[in-house]
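Read through the structure below, which is laid out as structure tokens, and then see the notes.
Each value in this text was obtained by applying a stated rule to the coordinates, not by laboratory testing. Model, not experiment: these values are computed from the prediction. Cβ atoms come from the backbone with ideal geometry, glycine included; neighbour counts cover every protein chain shown.
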Amino acid sequence: MDDREKTWHGLRAASLSIMAGVGHLYLGDKRGYAVFAFGAILVVISKLVWQPAELLYLSLAIFSAVDAYSIAKRGHGLM
């Protein structure tokens, strides 16, 4: 895969990370299941119990997008 294909692959993975962890699953990374589960728990907590959990989810989604792009582009992520 050339550099341009890696960039587009990374951008697709980052855009899927609007739902935290889905970009990792797109790339075949096993950590995506844990990130997705943690993100789903944060969404449920933010809707039922604690409103500021939405900010935690937003920061998780941003970090997940950057990490997924890094995995696609360099072969290893930030975690």
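According to the Kirkwood relation over distinct C-alpha pairs, the hydrodynamic radius of the stretch 3-74 is 12.0 Å.
Find out how many positive minus negative residues lie around residue 6, taking Lys and Arg as positive, Asp and Glu as negative, among other residues whose Cβ is under 14 Å from that of residue 6. Value of the local net charge: +1. Taking Cα atoms only, the orientation of helix 53-74 departs from the longest principal axis of the chain by about 10 degrees.
Under the simplified labelling scheme, the residue 8-residue 43 pair shows an inter-label distance of 2.9 nm, with each label point 7 Å from Cα along Cα→Cβ.
Relative protection proxy for 11-19, 66-74, from highest mean packing down: 66-74, 11-19 (other beta-carbon atoms within 10 angstrom). Roughly how tilted is helix 31-48, in degrees to the nearest 10 and between 0 and 90, from the longest Cα axis of the chain? Roughly 30 degrees, rounded to the nearest 10. Within the straight-line cut-off of under 20 Å between alpha carbons, the aspartates and glutamates reachable from residue 30 are 67, sequence neighbours fewer than 8 places apart in one chain being disregarded. Helix 3-16 and the long axis of the chain differ in direction by around 10°, with both axes built from C-alpha atoms. Taking a virtual spin label 7 Å from the Cα of residue 78 along the C-beta vector, which residues in the stretch 5-39 bring their backbone nitrogen under 14 Å of it? Counting backbone N atoms under 14 Å from the label point, the list is 14-15, 17-18, 20-21, 24. Charge dipole (Cα centre; +1 on Lys/Arg Cβ, -1 on Asp/Glu Cβ; no other charges) of the stretch 3-74 amounts to roughly 140 debye.
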